[in-house]
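A.B. asks: The structure under discussion is supplied below as structure tokens; questions concerning it will follow.
The values are calculated or read from the model by the stated rules, or taken from the named source; none is laboratory data. All of these numbers come straight from a predicted model, not from anything done at the bench. All Cβ positions, even for glycine, are placed from backbone atoms using ideal geometry, and neighbour counts span all protein chains on display.
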């Protein structure tokens with residue numbers, strides 16, 4: 001029993017530290033974006049948030065629905081947010097970092113950063129509070145399951161828009177493409193994959209929104225702790 005209780009405590013401490021650490025990263029990204037937008041304009045937002053954005057988004061590899069669910073730290077199913085996390089990693093590294101030409105200085109970077117960072121600041125503070133205290137206040141619960149009504153459409157629109165803006169650079173550079181002939185007898189064109197991804201994001205956003213609505217109905221129907 002003692003070993004089991006210690007295991008539970010260690011699990012909660014680890015998850016609390018993890019959630020508050022990632023919360024700090026997203027809070028920094030939000031602060032830097034707001035500060036830069038006010039002082040120098042949207043064209044400089046990406047450069048100001050690049051490192052914290054990359055670190056915070058890449059930390060999703062340890063996300064509770066991926067590694068944590070695989071090793072049994074949480075009960076969340078791995079299929080719940082895996083597409084969203086992979087999509088964000090694609091935007092972070094496959095678009096913004098790989099094709100900086102027209103994307104990094106576009107105003108859509110600002111809307112993207114705001115939608116992502118506000119969503120994650122709320123989400124990680126919610127989970128961090130639950131792990132630290134054993135519960136989350138009702139107002140934080142409401143924020144956790146309500147902000148997506150505005151932030152999800154803004155985020156998806158920004159993601160699709162940035163892919164579209166990057167298309168000319170993707171086509172011209174032929175980066176990440178594999179042409180025939182080669183020893184694998186295989187070809188891959190990142191340009192067409194990007195167009196396909198726009199379609200996937202467009203369709204997937206509808207189903208993700210429905211999933212978020214179901215989550216909200218389930219979460220807010222439970223008794224709340226003030």
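A.B. asks: Out of 225, 178, I need the residue that is farther than 28 Å from residue 105 by Cα, at pLDDT below 95 and touching a strand residue (DSSP E or B) at 6+ places or on another chain (Cβ under 6 Å). Which one?
C.D. replies: Being farther than 28 Å from residue 105 by Cα, at pLDDT below 95 and touching a strand residue (DSSP E or B) at 6+ places or on another chain (Cβ under 6 Å) holds for just one of 225, 178, which is 178.
A.B. asks: Only one of these conditions is not met by residue 146: (1) within 19 Å of the chain's Cα centre (by Cα); (2) assigned to a helix (DSSP H, G or I); (3) under 19 Å from residue 208 (Cα atoms); (4) touching a residue at least 60 places away in the same chain (Cβ under 8 Å). Which number is it?
C.D. replies: (2)
Residues are listed down the side, and each one gets a yes or a no for (1) in contact (Cβ under 8 Å) with a residue 24 or more places away in the chain; (2) part of a helix (DSSP H, G or I); (3) surrounded by fewer than 19 Cβ atoms within 10 Å (Cβ to Cβ):
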| residue | (1), (2), (3) |
| --- | --- |
| 139 | no, yes, yes |
| 158 | yes, yes, no |
| 164 | yes, yes, yes |
| 171 | no, yes, yes |
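A.B. asks: Something else now. What do you reckon, is residue 137 touching a helix residue (DSSP H, G or I) at 6+ places or on another chain (Cβ under 9 Å) and under 30 Å from residue 16 (Cα atoms)? Write out each step before concluding.
C.D. replies: Values: touching a helix residue (DSSP H, G or I) at 6+ places or on another chain (Cβ under 9 Å): yes; under 30 Å from residue 16 (Cα atoms): yes.
Here the answer is yes, as residue 137 does meet what is asked.
A.B. asks: Right, here's the next one. Quick test for you: out of 201, 190, pick the one residue that is modelled with pLDDT of 95 or more, more than 30 Å from residue 123 (Cα to Cα) and surrounded by 15 or more Cβ atoms within 10 Å (Cβ to Cβ).
C.D. replies: Exactly one of 201, 190 is modelled with pLDDT of 95 or more, more than 30 Å from residue 123 (Cα to Cα) and surrounded by 15 or more Cβ atoms within 10 Å (Cβ to Cβ), namely 190.
A.B. asks: With respect to residue 207, determine if the residue is assigned to a helix (DSSP H, G or I) and surrounded by fewer than 16 Cβ atoms within 10 Å (Cβ to Cβ). Lay out the reasoning, then the answer.
C.D. replies: Working: assigned to a helix (DSSP H, G or I): yes; surrounded by fewer than 16 Cβ atoms within 10 Å (Cβ to Cβ): yes.
Against the criterion (assigned to a helix (DSSP H, G or I) and surrounded by fewer than 16 Cβ atoms within 10 Å (Cβ to Cβ)), residue 207 qualifies.
Conditions tested, residue by residue: (1) at pLDDT 95 or above; (2) over 12 Å from the mean Cα position of the chain (by Cα).
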{"residue": "39", "(1), (2)": "yes, yes"}
{"residue": "45", "(1), (2)": "yes, yes"}
{"residue": "59", "(1), (2)": "no, no"}
{"residue": "64", "(1), (2)": "no, yes"}
{"residue": "67", "(1), (2)": "no, yes"}
{"residue": "74", "(1), (2)": "no, yes"}
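A.B. asks: For residue 182, which of the numbered conditions (1) surrounded by 13 or more Cβ atoms within 10 Å (Cβ to Cβ); (2) more than 22 Å from residue 45 (Cα to Cα) fails to hold?
C.D. replies: (1)
A.B. asks: Before we move on, is residue 132 at pLDDT below 95, assigned to a helix (DSSP H, G or I) and surrounded by fewer than 20 Cβ atoms within 10 Å (Cβ to Cβ)?
C.D. replies: yes
A.B. asks: Does the range 174-206 hold any residues that are in contact with a helix residue (DSSP H, G or I) (Cβ under 9 Å, 6 or more places away or on another chain) and farther than 19 Å from residue 98 by Cβ, and which are they?
C.D. replies: 202, 204, 205
A.B. asks: Here is a follow-up. Take residue 176 and decide whether it is outside any helix (DSSP H, G or I) and either within 20 Å of the chain's Cα centre (by Cα) or in contact (Cβ under 8 Å) with a residue 24 or more places away in the chain (or both).
C.D. replies: On the way: outside any helix (DSSP H, G or I): yes; either within 20 Å of the chain's Cα centre (by Cα) or in contact (Cβ under 8 Å) with a residue 24 or more places away in the chain (or both): yes.
The answer is yes for residue 176.
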